[in-house]
Amino acid sequence: METRDTLGRLMRDLRISVTDRCNFRCTYCMPKELFGADHAFLPRASLLSFEEIARLARLFAALGVTKLRLTGGEPLVRKEIERLVALLAPIPGIADISLTTNGSLLTADKARQLKAAGLQRITISLDALDDATFKAMNGVGFPVRKVLDAIDNAVAAGFAPVKINMVLKRGANDACIEAMAEHFRGSGCVLRFIEFMDVGTTNGWRMQDVVPSAEVIARVDARWPLERVPANYPGEVANRWRYKDGAGEVGVIASVTQPFCGGCTRARLSAEGVLYTCLFAGGGASLRDLLRGGADDEVVMDKIAGVWGRRRDRYSELRTEATPEIAARKKIEMSYIGG
């Protein structure tokens, strides 16, 4: 089945937040000044169970979703997440299951368990290679070495290629672009540079803090010549480039300077079962209430299809059109909805 929105965009991807908790306090997501020790996270009872997530994933698959990505917060904070992966892997129609993590809890054993359960791809966040910069950005003094160990653990478990996400913020870590590129050239990992985004309302986003992806590519190309690579599939968020000397590839995610709303196929499910149709959404529709109220599959599917069918989201395009009231709109935090 195909499910399309008002602009004709298919629903193909589902990003599932399994928790709103994280053990990092990254400045662009959960700044520690606002997410302190007294911050009220969702109570355990509010979270979808693994069985509820699997049921919803099966219904999304019946409506045309083929790819699942597990996010948070930090998804590995959720205990026994490999059990959830094992529930998702057999769902008919699901061709790809991936996970995004900060790597802090990705031990060699955990990586093997996730692979054995059916996880196919893994993305690890790393915003700098020098400890001073990285510790400042993650907000809790976590060292680079442990994230590099996590990357090694993922590679050893058979995940290939491991993707490395680097969020760039002007004046914070933009001096680290070339060092990151050099480190991951020839490693088999794919480094992706992500523009600092105005997700939520707590990260102090300003346009002048964005490092445009065109600048990033120009800087890397000046050191190691690049050539453009076609997208792997329709709606891929990263623009792909490969080194002309054969040392692998890099990507840029330019959602601020080069919006890709027109090809967006991603629905998002929060940890408490709220369906959102955009990363920059201000509100969503509760599916958990339907599940716990006894609704049958047909009712839940009708709800999902109806929400997507009314979808008109193109926030990044509107922001690029420099509409001040759009940029100032109240939005759900990334730690709640998933990146």
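The values are calculated or read from the model by the stated rules, or taken from the named source; none is laboratory data. Remember, it's a predicted structure, so these values are computed and weren't measured experimentally. A quick note on method: Cβ atoms are made from the backbone with ideal geometry, for glycine too, and the neighbour counts reach across all protein chains shown. Remember, those area values only see protein heavy atoms, side chains included, never the ligands or the DNA or RNA. Shrake-Rupley method; radii C 1.70, N 1.55, O 1.52, S 1.80 Å.
Assigned to a helix (DSSP H, G or I), of a type in the set (Phe, Trp, Tyr) and at pLDDT 95 or above - does that describe any residue in the range 302-324? Outline the logic, then answer.
Our first condition is that a residue be assigned to a helix (DSSP H, G or I); within the range 302-324, this holds for 302-309, 315-320, 324.
Those still in the list that are of a type in the set (Phe, Trp, Tyr) too: 308, 315.
Among the residues that remain, those that are also at pLDDT 95 or above are: 308.
Checking the range 302-324: at least one residue is assigned to a helix (DSSP H, G or I), of a type in the set (Phe, Trp, Tyr) and at pLDDT 95 or above.
Quickly run through the range 67-84 and pick out the residues that are open to solvent by 10 Å² or more (accessible area, probe 1.4 Å), touching a helix residue (DSSP H, G or I) at 6+ places or on another chain (Cβ under 9 Å) and in a helix (DSSP H, G or I). Passing the criteria: 76, 82, 83.
From 129, 87, grab the single residue that is in contact with a helix residue (DSSP H, G or I) (Cβ under 8 Å, 6 or more places away or on another chain), in a loop (DSSP other than H, G, I, E, B), at pLDDT 95 or above and among the hydrophobic types (A, V, I, L, M, F, W, C).
Values: 87 fails: in a loop (DSSP other than H, G, I, E, B).
Going through 129, 87 in turn, the sole match is 129.
When you look at residue 280, is it within 21 Å of the chain's Cα centre (by Cα), aromatic (Phe, Trp, Tyr) and either open to solvent by 20 Å² or more (accessible area, probe 1.4 Å) or over 27 Å from residue 127 (Cβ atoms) (or both), yes or no? The answer is no for residue 280.
If only one of 25, 55 is open to solvent by 50 Å² or more (accessible area, probe 1.4 Å) and either in a helix (DSSP H, G or I) or of a type outside the set (Ser, Thr, Tyr) (or both), which one is it? If you could, list the steps in order and put the result at the bottom.
Details: 25 fails: open to solvent by 50 Å² or more (accessible area, probe 1.4 Å).
So the residue among 25, 55 that is open to solvent by 50 Å² or more (accessible area, probe 1.4 Å) and either in a helix (DSSP H, G or I) or of a type outside the set (Ser, Thr, Tyr) (or both) is 55.
Yes/no matrix, rows are residues, columns are (1) crowded, with 18+ Cβ neighbours inside 10 Å; (2) in contact with a Pro (Cβ under 8 Å, 6 or more places away or on another chain):
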| residue | (1), (2) |
| --- | --- |
| 238 | yes, no |
| 242 | no, no |
| 251 | yes, no |
| 257 | no, yes |
| 267 | yes, no |
| 271 | yes, no |
| 286 | no, no |
| 292 | no, no |
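Taken together, 173, 232 contain a single residue that is out of contact with any His (no Cβ under 9 Å at 6 or more places or on another chain), open to solvent by 10 Å² or more (accessible area, probe 1.4 Å) and free of Cβ contacts under 8 Å to residues at least 60 places away in the same chain, which is 232.
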